[in-house]
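This report refers to the structure that appears directly beneath it.
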Amino acid sequence: MPIRRLPPETVNRIAAGEVVERPASAVKELVENALDAGATRLEIQAEGGGLTRILVADNGQGLSAAELPLAIERHATSKLSPDAAGDYDLLHISTLGFRGEALPSIGSVARLSIASRARGEADAHAIFVEGGAVGAVSPSAFPDPHGARVEVRDLFYATPARLKFMKSERAEAMAIAEEIKRQAMAHEAVSFVLDLDGRRTIRLPPEEKGSDGRLARLSAIMGREFSDNALALDHEREGVRLTGFAGLPTYNRGNAAHQYLFVNGRPVRDRLLQGALRAAYADFLARDRHPLAALYVELDTAYVDVNVHPAKAEVRFRDPGLVRGLIIGGLRHALASAGHRASTTVASAALGGFRPGGYSPPPSAAGYSAWQQGGWPHEGSSLALAAAVQSIPGLTEVSARAEPNWDNGLGTDPPSLASVFDPVDFPLGAARAQVHETYIVAQTRDGVVIVDQHAAHERLVYERMKHEMDEGGVARQALLLPEIVELDPVEAYRVVSKADELAALGLMLEAFGPGAVLVRETPALLGETNVQGLVRDIADDLAENGQALALKERLEDVCSTMACHGSVRAGRRLTAPEMNALLRQMEATPHSGQCNHGRPTYVELKLADIERLFGRR
């Protein structure tokens with residue numbers, strides 16, 4: 001077949017297939033144009049999932065009558081300018097858009113109208129594009145002093161085959177809402193309003209620029225509980241800065257939909273984020289649970305390539321290892337700084353489990369069992385009351401840490417009662433009782449703490465084992481016969497290139513030809529292990545995440561199992577000093593707020609919440 005030059009209309013429709021994949025893609029391009037124009041207020045409307053109508057109105061600098069025809073020409077943009085030699089630099093792109101393809105691509109497959117008034121001009125003008133046919137510029141009404149109103153009708157009407165690949169109107173509308181949320185997270189100082197089919201769906205007022213305003217914007221989008229359970233991040237390494245917020249391990253979800261990455265103010269989707277989050281939270285969450293996070297990476301534009309795909313949703317870092325290491329290190333530092341803290345949602349769920357029941361006996365120190373046996377002692381019977389109190393193990397005990405031994409042979413008098421530190425002032429309070437020989441009940445200054453003794457001690461033992469493993473290295477065991485693992489040549493190269501890191505984890509291997517590795521030693525902690533499966537899992541992790549997470553996770557699983565067997569079991573009766581010692585150790589150990597699988601180790605109920613539960617407030 002002879003080579004033919006395609007007409008401009010066909011070229012634009014081909015380009016539209018890359019830039020405008022669905023209505024949400026069109027909304028993304030129009031919103032980014034408005035943000036690049038300096039808009040501080042955006043109003044978005046969509047009908048029929050965006051296929052019937054899309055409107056994006058902004059208060060940016062606007063377009064003049066002379067600029068309107070250029071705006072709908074391919075590869076015409078105001079965001080790139082030549083240098084003194086007349087060259088255009090694509091390595092230092094600081095704007096969201098730069099390709100000059102969005103408006104002509106949309107105009108080639110839909111009915112597009114642009115009305116605008118440039119800043120400082122008295123008159124407004126409009127231009128219409130219908131299926132690639134461009135109309136003349138004409139005067140237009142415009143409600144604002146400056147800005148633009150871009151309206152898209154009948155999206156993909158000029159390419160009806162594309163309509164067959166669209167999802168339901170509801171699904172497309174949800175995709176538009178998700179795109180607006182991502183843009184709003186990246187630009188907290190800009191107000192966003194979204195109407196879907198005439199119904200106000202999103203209304204986000206402008207927030208103060210900076211960390212506090214960003215957290216307020218994230219909480220408005222991800223839920224009010226996010227601000228109470230988010231850990232702040234602010235780290236910098238070799239010119240790359242990481243800021244943002246990540247949720248506590250006990251504040252998690254069943255999918256990764258609430259994980260966001262922004263690079264220089266641009267929302268992007270990158271496997272690097274998922275791999276980094278998985279590595280950072282590997283100790284705290286089961287594999288089917290996912291943390292909430294919004295991470296913002298800022299670096300010199302010369303070290304990140306945004307010209308990877310026409311949709312500009314992907315980026316390529318010059319040094320991805322640096323960015324990955326910064327994210328993992330920053331997240332681990334934040335998680336360590338959280339100490340024994342658990343999410344507030346744990347207490348909310350616990351309070352939600354209480355329901356008003358039937359008859360409730362009046363309060364008494366003797367408890368429900370005495371009521372069952374025929375009533376309590378008379379209120380005036382102090383001896384009976386004292387006996388009832390003394391019969392509850394641990395109720396009169398003092399914290400193991402707060403109780404000094406004054407029998408020192410020096411004749412020193414004990415201090416006055418007022419000078420003794422009250423154990424209820426500890427973060428996890430003073431142990432008062434053990435319930436069902438599994439749960440420790442402690443009193444704090446302003447509430448009650450319930451601790452799962454087995455889960456808490458399991459985390460303490462696990463953290464100690466990890467520390468010992470880090471201090472002394474991982475013991476290795478030599479294989480009687482070295483094992484050969486056959487891999488794809490590319491996979492084998494990836495694994496061998498990480499041989500030093502794997503050796504630090506106890507796995508000794510080397511290249512064995514172009515498509516295989518030879519394993520000589522394995523970590524002793526793993527015992528008899530499936531070497532073939534282990535190496536292949538490592539190869540898969542390196543291909544997906546760039547890190548050998550499989551080996552680390554297997555070692556951590558072994559440590560977790562050993563910690564489980566070496567911890568205080570449910571059903572064991574603890575003395576008051578033992579219970580208090582466990583509470584103090586939890587306070588001093590990072591990550592003790594959740595067990596090795598992400599479940600909470602304790603629940604804290606504030607006194608005010610308990611009083612509301614009983615109608616006292």
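The values are calculated or read from the model by the stated rules, or taken from the named source; none is laboratory data. Nothing here was measured: the structure is a model prediction, and the numbers come from that model. A quick note on method: Cβ atoms are made from the backbone with ideal geometry, for glycine too, and the neighbour counts reach across all protein chains shown. Quick note on the areas: whole protein, heavy atoms, side chains included, nothing else; ligands and nucleic acids left out. Shrake-Rupley method; radii C 1.70, N 1.55, O 1.52, S 1.80 Å.
Using a 1.4 Å probe, how large is the accessible area of THR159, given in Å² and rounded to the nearest 10?
30 Å²
Please give the solvent-accessible surface of PHE512 in Å², to the nearest 10, using a probe radius of 1.4 Å with every protein chain present.
Ignoring ligands and nucleic acids, PHE512 comes out at about 100 Å².
Would you mind classifying segment 459-532 by shape? Square roots of the alpha carbon gyration tensor eigenvalues, ordered a ≥ b ≥ c; an a/c under 1.5 is rounded, otherwise it is prolate if a/b is larger than b/c and oblate if not.
Prolate.
When only DSSP loop residues count, what chymotrypsin sites (Phe, Trp or Tyr not before Pro) in segment 147-225 have their Cβ near at most 16 other Cβ atoms within 10 Å?
TYR157, PHE165
Rank these residues by their accessible area, most exposed first, probe 1.4 Å: THR95, THR201.
THR201, THR95
Let me check the size of segment 236-275 from its C-alpha atoms; what are the radius of gyration and Dmax in Å?
Rg, Dmax (Cα atoms, Å): 11.9, 35.
Among the listed pairs LYS28/LYS164; LYS466/LYS498; LYS552/LYS606; LYS209/LYS606; LYS466/LYS606, which have their C-alpha atoms separated by more than 27 angstrom in this model?
Violating the 27 Å limit, Cα to Cα: LYS552/LYS606; LYS209/LYS606; LYS466/LYS606.
Rank these residues by their accessible area, most exposed first, probe 1.4 Å: HIS467, HIS187.
Putting HIS467, HIS187 in descending order of accessible area: HIS467, HIS187.
Which whole-angstrom value gives the distance between the alpha carbon centres of segment 572-617 and segment 133-182?
53 Å
Report the gain in length on full extension from GLN532 to ARG271: 0.36 nm times residue separation, minus Cα-Cα distance, nm rounded to one decimal.
Here the segment from GLN532 to ARG271 would lengthen by 91.4 nm.
Under the rule a/c < 1.5 gives rounded, and otherwise a/b versus b/c splits prolate from oblate, where does segment 155-286 land using the Cα gyration tensor?
Prolate, since a/c reaches 1.5 and a/b exceeds b/c.
Determine ³J(HN,Hα), in whole Hz, for all residues of segment 170-186 in sequence, where each value follows from phi through the Karplus function 6.51 cos²θ - 1.76 cosθ + 1.60 and θ = phi - 60°; x replaces Gly and Pro.
Computed from phi, the couplings for segment 170-186 are 5, 5, 5, 5, 5, 5, 5, 4, 5, 5, 5, 4, 5, 5, 5, 5, 7 Hz.
Using Cα pairs closer than 8 Å and at least 6 residues apart in sequence, work out the relative contact order for segment 103-152, in percent.
So the answer I get is 42 percent.
With a 1.4 Å probe and all protein chains in place, put LEU428, LEU163 in order of accessible area, largest first.
The most accessible residue leads, giving LEU163, LEU428.
Can you run the Rg to Rh ratio on segment 1-159? Use alpha carbon positions and the Kirkwood inverse-distance Rh.
Ratio of gyration radius to Kirkwood radius: 0.98.
Can you give the FRET efficiency for ILE610 and ALA257, using 1/(1 + (r/R0)^6), R0 = 30 Å, r = Cβ-Cβ distance, to the nearest 0.05?
Step by step, r from the Cβ atoms, then E = 0.30.
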